[in-house]
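The block underneath contains the structure these notes are about, expressed in structure tokens.
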């Protein structure tokens, strides 16, 4: 299950069904069922969240907040993903990607973080990028890293 909320007006933004598809694709083969809350925010809210939780005073494209569970408790809830609409739109434009493709990539990226994957080391980054590429390919979306 995916619950989506929008800070800015959702005009031109992906709908709940798109987010559900992207979350399901990211979780496929990694976890049987997942519940994720997705919040699309404006720049002000994005900057405030990034400052509060990462101590960085600027809006960022995606933030992931894993659910904190009591040890031994297994629920489908894996956490929250926050996407900053103006940052995502600027990046998509600057990188020559469609807005939906970039939202898909960042949603997959955020969900993989919620599933416990990270990119702190070169090896972790390569592994996570490979997963992202595979998931996006399953959705018919080209390699987001291909133009490097």
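The values are calculated or read from the model by the stated rules, or taken from the named source; none is laboratory data. Fair warning: this is a prediction, and the values are worked out from it, not measured in the lab. Don't worry about glycine lacking a Cβ; one is built from the backbone with ideal geometry, like all the others, and counts go over all protein chains shown.
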Open item on the list: Based on this model, can you work out whether residue 146 counts as out of contact with any helix residue (DSSP H, G or I) (no Cβ under 9 Å at 6 or more places or on another chain), exposed (fewer than 12 other Cβ atoms within 10 Å of the Cβ) and more than 17 Å from residue 33 (Cα to Cα)?
Closed with: no
Open item on the list: Restricting to the stretch 53-85, give me the number of residues that are within 19 Å of the chain's Cα centre (by Cα) and without any contact (Cβ under 8 Å) to a residue 12 or more places away in the chain.
Closed with: 4
Open item on the list: Taking the condition of being within 16 Å of the chain's Cα centre (by Cα) and in a loop (DSSP other than H, G, I, E, B), how many residues in the stretch 124-142 meet it?
Closed with: 2
Task: Residue within the stretch 71-84 that is at pLDDT below 95 and in contact with a helix residue (DSSP H, G or I) (Cβ under 6 Å, 6 or more places away or on another chain) present - done: yes
